[in-house]
Amino acid sequence: MAREKVKMTLKNGEELFGYSWNVEKPIANVVILTGMEEHSLRYDNFANFLNDNGYNVYCVDHYGQGENANEPEELGVWPNSGFSKTVKNADELVEKLRVSVLPTYLFGHSMGSFIVQDYIQRYTEHVNKVILSGTNGPNKLMISIGYFLSRLIVNKQNRIKPSKFLRNLMLGPYTSAIKNHKTKTDWLSVNEENVRRYNEDPKCGFLYESKGSFYREFLKGLNRLHKTKFMRKIRKDMSILIIAGEDDPVGNKSKGPIKLAKLYKRLGINDVQTIIYPNMRHEVLNETDNKKVYADVLAFLKEEHAKAEVMIK
C-alpha cells in the first residue's frame, strides 16, 4: 500500500491536487468526494481500510480546500458554476480510471454526497454503484430562499470575501440542533476527539473564511438537485447505499436520508439501501464505533444484489 500526492490536470488546463492510495492487485477503484471545509487526508484511515480489502482509493480535493488552498486567502473560494464544475471534475477523474478494466465506485460525504447525487444524474452511465454519507433529501423551500439571498448578497466585488451571514445561515442550525454543545462543530460527531482534531486542523472549518462565491455556487447546485426532470435521468440499475447517523442534523436526524431513499425507489431504482446508525451524528466514518460503518460499506461494495430497504444498526 502506498499513499501518494497526486496532481490532476483538467481538460481546461486547471490543476487540482489530492491523494491516491494504491495496492498491487486492486479489484476496483473507489473515488472519495469530501465534505465542505475539510480535506482528503482526513480519509486516510478509511482509505487504508479499503486498501486492505483490495481497493484503490482516490480523493482529489475540491476547489478552495485541502491541497488546493495553500494560503488562507485561497480557502473556500469557488469559481463561477463551481458546483457543476466540481461534478465535471469528478467525472474527468472517473474517465481517467475507466481506462482500466476495473469498476469504479463513488463515495461522497456531506457536500460530496450532493456532488454524487448530481453526478448520477449527469453521468449516470459512468458508474453503477455509489455511497452517500451524511446526506439529505429535498428541502426545496429552504434551499430556494438560501439561493435567493446568496444572489442578493454575493456579487463581483465581494465574491472572494468571507460571508459570515451565509455561513451562519447554512451551518448555524446544525450547531443549535445539539443540546449543551461545547463547540460550534459538535454536530459533526459524538466522538469528542474527532471534533477536537477537526477544530485544530487549519484546513478544516476555515474560521469563517469560506467565501461568498462558495455559498452562492453551492446553493445554486442544491437548488437544481432534486428537480424531477433531472432525477429521472438516473439509471434504474444504479446501486445506492445511503448511510447516516441517527442524530445528524444535516439529514434532519435521519428523516432526510430516508426521504431521499424513498424518492429514489419511486423513480424505479430498485437497489437503494439505507443504514441509520444510532448514537452517531454527521461524520459516521469518524465516530468511535466506525468499524461498523467500514464493514457495511465494504459489504455493499462487494455485493451483487440488493438487501433490506432500511436498516437500523
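No lab work stands behind these numbers, since they all come straight from the coordinates. Values in this document were obtained by computation on a predicted structure and should not be read as measured data. Note that we place each Cβ from the backbone using ideal geometry, even for glycine, and neighbour counts take in every protein chain shown.
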What dipole magnitude, in Debye to the nearest 20, does segment 159-261 give about its Cα centre under +1 on Lys/Arg Cβ and -1 on Asp/Glu Cβ?
880
The answer for THR288, listing residues at least 5 apart or on another chain whose modeled amide H is closer than 5 Å to its amide H, is ASN191
Helix-only CD estimate at 222 nm, as mean residue ellipticity for the chain, using -39500 (n - 2.57) per DSSP H run (n ≥ 4):
-11500 deg cm²/dmol
Counting only DSSP beta bridges with both residues in the chain, what percent are antiparallel, rounded to the nearest 5?
30
Dipole magnitude of the chain, debye to nearest 20 (Cβ charges: Lys/Arg +1, Asp/Glu -1, about Cα centre)
1520
In what sequence, highest mean first, do 92-102, 76-86 appear when ranked by Cβ atoms within 10 angstrom?
76-86, 92-102
Averaging sequence separations of C-alpha pairs under 8 Å and six or more residues apart, then dividing by the length of segment 55-185, give the relative contact order as a whole percent.
15
Pairwise label distance in nanometres, MET142 with ARG232, each label 7 Å out on the Cα-Cβ vector:
2.8
Relative contact order for segment 1-92: what percent, with Cα pairs under 8 Å and sequence separation of 6 or more?
28
Among 258-265, 243-250, the order from most to least packed when residues are scored by Cβ within 10 Å on average:
243-250, 258-265
Over the chain, calculate the relative contact order: mean separation of alpha carbon pairs under 8 Å at least 6 apart, over the residue count, as a percent.
18
In nm, spacing of pseudo-spin labels at LYS161 and SER176 (7 Å Cα→C-beta vector)
2.6
Using the Cα centre of segment 160-313 as origin and beta-carbon charges of +1 (Lys, Arg) and -1 (Asp, Glu), tell me which of ASN290, ASN279, LEU166 is placed farthest towards the positive end of the dipole.
LEU166
Give me, ordered by chain and number, the residues 5 or more places off LEU33 or on other chains with an amide H under 5 Å from its own placed amide H.
PHE107, GLY108, HIS109
Check which residues have an amide H placed less than 5 Å from LYS161's amide H, if you skip close sequence neighbours.
GLY212, SER213
Given R₀ = 45 Å, what would the calculated FRET efficiency be for ILE27 paired with ASN199, taking r from the Cβ atoms and rounding to 0.05?
0.75
Work out the charge dipole of the chain with +1 on the Cβ of Lys and Arg and -1 on the Cβ of Asp and Glu about the Cα centre, then indicate which of LEU267, ASN56, SER176 is farthest towards its positive end.
LEU267
Here, segment 183-260 modelled as identical Cα point scatterers in vacuum has Debye log10 I(q)/I(0) at q = 0.12, 0.14, 0.21, 0.22 Å⁻¹ of -0.55, -0.73, -1.15, -1.17
Highest mean first, what order results for 226-233, 105-112, 156-163 on Cβ atoms within 10 Å?
105-112, 156-163, 226-233
For segment 1-109, the dipole about the Cα centre with charges only on Cβ (Lys and Arg +1, Asp and Glu -1), to the nearest 20 debye, works out at 460
Checked against the positive end of the charge dipole of the chain (+1 on Cβ of Lys and Arg, -1 on Cβ of Asp and Glu, about the Cα centre), the farthest of VAL23, LEU188, THR86 is THR86
Where the centroid of each part is defined by its Cα atoms, how far is segment 189-259 from segment 32-47 in Å?
13
What FRET efficiency comes out for THR183 versus ASP44 if R0 is 30 angstrom and r is the Cβ-Cβ distance? Round to the nearest 0.05.
0.85
Can you pick out the pairs among LYS233/LYS292; LYS182/LYS203; LYS5/LYS25 whose Cα atoms lie more than 23 Å from each other?
LYS233/LYS292
